[in-house]
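Readers should treat all values here as calculations from the given coordinates under stated rules, not as data from a laboratory. As the structure is a computational prediction, the values presented were derived from the model and not from experiment. Note that each Cβ is placed from the backbone with ideal geometry, even for glycine, and that neighbours are counted across all protein chains shown.
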């Protein structure tokens, strides 16, 4: 029966759009499953312009590491805000890009860090910064 079916260009476009929509939704599901995996699990991802990772250290220790690495990287400190338990550090770099780094405690010895560089995010620079922070913590 399928051998006799003909597909027009409209059906092909619709099938392509449906396939792309499914892939996009699957990616969100994977991120959601990873985020829900629990505090002990290592969650890493680049979500909506933010590089996100769970780091197995206290919020205070991670804050100290971020502050040191930011200073060593030549980032200019702008401000620090604390909302509930989340600490948000804001910096500017030599290109005047805004760096926003949020530290959200998961447990006493585990903290989620979110790094956004610029308005839309820069995965490469965010990941490189976090790699330097993790090396500092070793």
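Here the simple spin-label model places points 7 Å from the Cα toward Cβ, and for residue 60 and residue 90 these points are separated by 2.6 nm. For segment 113-138, the residues whose backbone nitrogen is under 14 Å from a point 7 Å from the Cα of residue 72, taken along Cα to Cβ, are 128-138. Sorting 87, 115 by the number of Cβ atoms found within 10 Å of their own Cβ, with the fewest placed first, yields 87, 115. Ranked by how many other Cβ atoms sit within 10 Å of their own Cβ, fewest first, the residues 135, 63 fall in the order 135, 63.
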